[in-house]
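What follows is a short report on a single structure.
The values are calculated or read from the model by the stated rules, or taken from the named source; none is laboratory data. What you see is a predicted model; the values in this text were computed from it and never measured. When we count neighbours, we look across all protein chains shown, and the Cβ atoms used for this are built from the backbone with ideal geometry, even at glycine.
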Amino acid sequence: MTAPIPGQAPNPGPTVALSIRGLAKRFGGKIAVDGISLEVPAGSFFGIVGPNGAGKTTTLSMATGLLRPDFGTAVVHGVDVWQHPLEAKRLMGILPDGVRLFDRLSGEQLITYAGLLRGMDKAVVAARVGELLAAMDLTQDAGTLVVDYSAGMTKKIALASALIHAPRLLVLDEPFEAVDPVSAANIRSILDRYVASGGTVIVSSHVMDLVQRMCDHVAVVAGGRILAAGTVDEVRAGMSLEDRFVQLVGGHSHTEGLEWLRTF
């Protein structure tokens, strides 16, 4: 019988990349996340969608060790995120929403720093930095300070920093926000190849069409709870994902009035 690896929980099994159980978080009198439980299959492209204030970012922050939950657990490939944070974080690449970077470094320096911070060999880091800059179409801006990057360039350099150590799980909160269509297509291609090779991607996004085309699994979150989860086809139930999302979340807002907009 094989001895258990220190820091590794017996469950969930190897087919589950992320398992969260009963995650809850309250800010003052507001319940932001209300006991969410979810399993993300290994090798999946998993989308998390929900309206503003649904609890998506708070859930992902707790699941990745960035925000301590009031209750609940998060396990990444068998490693408990909060009991063994260093082991768990070695398995993850994280792109938080509104990420703050060391923006007085150049793009090349930032990715290099991310790799060295994780204890990687300098030669390996140098080789991967060049490849990541080329993949993100940032080679020409490698020496530019990140503070002078556009919003889309900043998002791409942050994603490159999350990829440098070849994590088993990528957690990306709004990765395509402010990214131009060509760059977005390149990023999708990188992520598709990553998943095809056995990696797992969790992406939070407001763009339903993008999630429907890109993801194979999806969870709909609203009011700090999971309203539906499963494969994209299971969740959308014969409808477009956007129509199903609106149905689950509560339907269209009333648009009566505003007669002054129809005076031309």
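Being assigned by TED's automatic domain parsing to the domain that holds Ile48 and not in a loop (DSSP other than H, G, I, E, B) narrows it down to one of Ala185, Ala158, Ala178, Ala162, so name that one.
Ala185
Val195: closer than 17 Å to Phe102 by Cβ and either in a helix (DSSP H, G or I) or out of contact with any strand residue (DSSP E or B) (no Cβ under 6 Å at 6 or more places or on another chain) (or both), yes or no? Explain how you work it out, then say what you get.
Working: closer than 17 Å to Phe102 by Cβ: no; either in a helix (DSSP H, G or I) or out of contact with any strand residue (DSSP E or B) (no Cβ under 6 Å at 6 or more places or on another chain) (or both): yes.
No.
Only residues that are within 19 Å of Pro167 (Cβ to Cβ) and β-branched (Val, Ile, Thr): list them for the range 60-93, please.
Correct list: Thr64, Val75, Val76, Val79, Val81.
Determine if the range 158-168 includes at least one residue that is β-branched (Val, Ile, Thr), modelled with pLDDT under 90 and in contact with a Gly (Cβ under 6 Å, 6 or more places away or on another chain).
No, that holds for no residue.
Please enumerate the residues belonging to the range 166-190 that are surrounded by fewer than 21 Cβ atoms within 10 Å (Cβ to Cβ) and either in contact with a Cys (Cβ under 8 Å, 6 or more places away or on another chain) or closer than 25 Å to Glu87 by Cβ (or both).
Ala166, Pro167, Arg168
If Arg236 satisfies every condition in (1) surrounded by fewer than 19 Cβ atoms within 10 Å (Cβ to Cβ); (2) under 18 Å from Phe46 (Cβ atoms) but one, which is the exception?
Among (1) surrounded by fewer than 19 Cβ atoms within 10 Å (Cβ to Cβ); (2) under 18 Å from Phe46 (Cβ atoms), the lone unmet condition for Arg236 is (1).
Within the range 91-134, can you find the residues that are charged (D, E, K, R) and either surrounded by fewer than 16 Cβ atoms within 10 Å (Cβ to Cβ) or modelled with pLDDT under 95 (or both)? Give the derivation first.
Step one: list which residues in the range 91-134 are charged (D, E, K, R), which gives 97, 100, 103-104, 108, 118, 121-122, 128, 131.
Once the filter is applied, which keeps residues that are charged (D, E, K, R) and either surrounded by fewer than 16 Cβ atoms within 10 Å (Cβ to Cβ) or modelled with pLDDT under 95 (or both), the range 91-134 yields Asp97, Arg100, Asp103, Arg104, Arg118, Asp121, Lys122, Glu131.
Table: residues versus (1) over 18 Å from the mean Cα position of the chain (by Cα); (2) farther than 17 Å from Val99 by Cβ; (3) not assigned by TED's automatic domain parsing to the domain that holds Asn52.
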{"residue": "Ser150", "(1), (2), (3)": "yes, no, yes"}
{"residue": "Asp173", "(1), (2), (3)": "no, no, no"}
{"residue": "Val218", "(1), (2), (3)": "no, yes, no"}
{"residue": "Gly223", "(1), (2), (3)": "yes, yes, no"}
{"residue": "Ala237", "(1), (2), (3)": "yes, yes, no"}
{"residue": "Ser240", "(1), (2), (3)": "yes, yes, no"}
{"residue": "Leu261", "(1), (2), (3)": "yes, yes, yes"}
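Name the residues in the range 184-206 that are of a type outside the set (A, V, I, L, M, F, W, C) and in contact (Cβ under 8 Å) with a residue 60 or more places away in the chain, would you?
Asp192, Gly198, Gly199, Thr200, Ser204, Ser205, His206 - these are the residues of the range 184-206 that are of a type outside the set (A, V, I, L, M, F, W, C) and in contact (Cβ under 8 Å) with a residue 60 or more places away in the chain.
Could you grab me the full set of residues in the range 37-70 that are modelled with pLDDT of 95 or more and farther than 22 Å from Gly93 by Cβ?
Residues satisfying the conditions are Ser37, Asp70.
Being modelled with pLDDT under 90 and in contact with a strand residue (DSSP E or B) (Cβ under 6 Å, 6 or more places away or on another chain), is that true of even one residue in the range 244-259?
yes
For Asp209, only one of the following conditions fails: (1) in contact (Cβ under 8 Å) with a residue 60 or more places away in the chain; (2) under 21 Å from Gly50 (Cβ atoms). What is its number?
Only one criterion is unmet by Asp209, namely (1).
Failed condition for His84, given (1) at pLDDT 95 or above; (2) under 14 Å from the mean Cα position of the chain (by Cα), with all others met?
(2)
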